[in-house]
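Report on the following structure.
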Amino acid sequence: MAAGNKVVVVGAGPTGLLIALGLAQAGAEVTVIDKGEGVLRSPRAMVYLPSTLKVLDDVGVLEDAKRIGAFGYRFTQHFLLSGQKGGLDFHDLEGITPYSYILHFGQDELADLLLERLKALPNAAIQWATAFQGYTQSDDKVQLQLERDGCEEFLDADWLIGCDGAGSAVRKAMGVQFEGFTWDEVFMATNLIYDFEKFDYADNNMVADPDDWRVVAKINNDGLWRVAYGESTELTEEQRVARITERFKRILPDPSEPYELVLANSYRVHQRSAETYRSGRVLLAGDAAHATNPIGGLGLTSGVQDASLLIKSLSAQFNNQAADDALDWYAYERRRCFVEIASPTAIELKRRMQEREPAKRQADEAGFFAMLGNSEYKRKAMLSTFDLAGRPYREDWRQSYVAEDLRNNGGIVSGHGGVTIERAG
Ligand SMILES: Cc1cc2nc3c(=O)[nH]c(=O)nc-3n(C[C@H](O)[C@H](O)[C@H](O)COP(=O)(O)OP(=O)(O)OC[C@H]3O[C@@H](n4cnc5c(N)ncnc54)[C@H](O)[C@@H]3O)c2cc1C
């Protein structure tokens with residue numbers, strides 16, 4: 001398959017912009033299209049864990065991110081059953097990794113930052129208000145069908161990268177299933193000004209409770225915080241918003257303290273992965289490839305690792321440094337990281353936050369404090385998102401890694417990324 005370096009990225013979310021920037025820096029001719037009029041401002045990701053900081057560093061935006069973000073070091077788990085709380089301090093990673101901290105800022109600000117860098121490159125362009133509709137592909141090119149100002153347009157490229165979010169039109173055009181399930185609840189994400197620090201909240205907090213579980217995290221140093229909690233699917237969005245005051249009475253450490261609600265939005269949450277992340281010249285990344293509940297912050301954290309591997313794999317193609325097979329590896333390994341690591345971890349974290357059975361809640365608490373009592377386990381927990389980076393490419397990956405995966409797990413990821421293997425047993 002001829003390499004060619006003309007790339008169209010569909011979706012100017014953080015994943016698409018990161019990929020566009022990395023590829024443009026590697027010399028590709030990149031066009032980003034997005035159906036919106038500008039960067040989406042809804043309250044979503046705002047916590048950047050060490051593995052993400054490394055990728056931001058790789059594309060040269062970490063110093064800017066450090067300027068706009070608030071530094072976070074402490075994570076605390078609150079157990080309402082016993083009233084105990086305990087936590088991790090990322091200062092403990094000093095000397096082990098240069099990324100011994102967490103950054104906090106809205107993902108829209110990350111998108112702004114990436115966009116600014118992208119616009120400065122002569123070989124990159126962005127087209128807003130342009131919706132992807134479909135594509136056709138041959139051996140040597142892909143043609144996109146777009147809609148702009150009510151008119152149909154066509155655009156030719158060597159590669160199409162779908163980063164158009166969980167409802168991805170690119171994934172649908174590929175005819176690929178989004179395997180998994182949707183939770184029967186919605187997550188309410190609220191941004192508010194409130195003095196959590198006065199009540200000894202850490203920069204990041206998870207509060208375990210079957211009814212009033214919540215995630216509480218700092219967004220900036222000016223008193224803005226994210227509080228996310230569960231709501232019923234049976235309520236309308238208006239009813240959910242109307243209930244915020246009532247929910248805050250139970251959730252805020254002292255509801256008589258003044259607060260200012262800045263933004264609120266609810267989201268359906270999923271555990272889903274595309275059955276494959278590649279079809280010839282078309283690749284998927286970020287939420288277009290996989291969607292998870294946000295507890296643990298593994299959604300964009302996974303998308304950033306997709307971006308990192310895709311930048312390396314595709315730019316190696318342009319520079320004739322890698323076989324086409326490196327893109328099959330991208331599709332295989334990124335799917336494995338999501339299906340085997342990110343998604344089960346997020347499901348388990350969600351269970352621990354919402355667990356109703358007292359015996360299990362006690363066991364969760366005991367397990368957490370046992371982890372805190374062992375410095376090696378604590379370190380592993382803080383470095384755990386680096387596992388989402390996956391394994392390094394090797395030419396014999398089908399004979400080595402895939403065979404090993406088959407032995408270890410019966411080929412959970414079989415049939416994906418151009419790999420067809422039988423389930424063991
Ligand atoms: C409440 C909440 C909190 C979260 N917190 C975290 C967190 O702390 N850490 C974390 O890692 N993750 C978190 N996530 C997940 C994170 O927000 C997503 O993983 C992230 O937005 C994915 O980025 P993306 O660029 O892949 O897709 P998106 O951000 O969804 O961007 C998709 C883009 O594609 C465009 N688009 C869509 N369709 C088309 C089309 N047909 N044509 C052209 N353009 C199109 C859209 O306009 C949009 O700009 C959270 C999610 C939620 C809901």
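The values are calculated or read from the model by the stated rules, or taken from the named source; none is laboratory data. Note that this is a predicted model, so its numbers are computed, not measured. Positions of Cβ are generated from backbone atoms using ideal geometry, with glycine treated the same way; all protein chains shown enter the neighbour counts.
Results, tabulated for the structure shown:
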| quantity | calculated |
| --- | --- |
| Within the stretch 284-302, tally of residues that are touching a strand residue (DSSP E or B) at 6+ places or on another chain (Cβ under 7 Å) and either β-branched (Val, Ile, Thr) or away from the ligand (no atom under 13 Å from the Cβ) (or both) | 2 |
| Enumeration of residues in the stretch 95-104 that are more than 16 Å from the ligand (Cβ to nearest atom) and either over 19 Å from Gly69 (Cα atoms) or of a type in the set (Ser, Thr, Tyr) (or both) | Gly95, Ile96, Thr97, Ser100 |
| Residue ID - farthest from the ligand (Cβ to nearest atom), chosen from residues in the stretch 105-129 that are surrounded by fewer than 21 Cβ atoms within 10 Å (Cβ to Cβ) and part of a strand (DSSP E or B) | Ala125 |
| Residue check for Lys85: within 22 Å of Ala202 (Cβ to Cβ), of a type in the set (D, E, K, R) and touching a strand residue (DSSP E or B) at 6+ places or on another chain (Cβ under 8 Å) | yes |
| Exclusive hit being more than 16 Å from the ligand (Cβ to nearest atom), closer than 27 Å to Thr345 by Cβ and surrounded by 17 or more Cβ atoms within 10 Å (Cβ to Cβ), set Arg226, Arg247, Arg278 | Arg278 |
| Search result, residues across the stretch 142-155 that are under 25 Å from Gly27 (Cα atoms) and more than 14 Å from the ligand (Cβ to nearest atom) | Val142, Gln143, Phe154 |
| Matching residues, the stretch 332-357, being of a type in the set (A, V, I, L, M) and in contact with a Phe, Trp or Tyr (Cβ under 6 Å, 6 or more places away or on another chain) | Met353 |
| Matching entry among Asp139, Asp158 (being within 24 Å of Ala274 (Cα to Cα), away from the ligand (no atom under 12 Å from the Cβ) and surrounded by 13 or more Cβ atoms within 10 Å (Cβ to Cβ)) | Asp158 |
| Residue satisfying all of: in the stretch 19-44; near the ligand (Cβ under 8 Å from one of its atoms) and crowded, with 23+ Cβ neighbours inside 10 Å; farthest from Leu298 (Cα to Cα) among these | Ile33 |
| Some residue of the stretch 338-346 being buried (at least 22 other Cβ atoms within 10 Å of the Cβ), within 14 Å of the ligand (Cβ to nearest atom) and more than 23 Å from Ala208 (Cβ to Cβ) | yes |
| Selection within the stretch 233-286 - touching a residue at least 24 places away in the same chain (Cβ under 8 Å) and small (Gly, Ala, Ser) | Ala264, Ser266, Ser273, Ala274, Ser279, Gly280, Ala285, Gly286 |
| Every residue from the stretch 180-223 that is part of a helix (DSSP H, G or I), in contact (Cβ under 8 Å) with a residue 24 or more places away in the chain and surrounded by fewer than 21 Cβ atoms within 10 Å (Cβ to Cβ) | Lys198, Phe199 |
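Each row is one residue, and each column tells you yes or no for (1) at pLDDT 90 or above; (2) crowded, with 18+ Cβ neighbours inside 10 Å; (3) touching a Gly at 6+ places or on another chain (Cβ under 8 Å).
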position	(1), (2), (3)
Asn374	yes, no, no
Lys378	yes, no, no
Ser384	yes, no, no
Arg391	yes, no, no
Gln399	yes, no, no
Asp405	yes, yes, yes
Ile421	no, no, yes
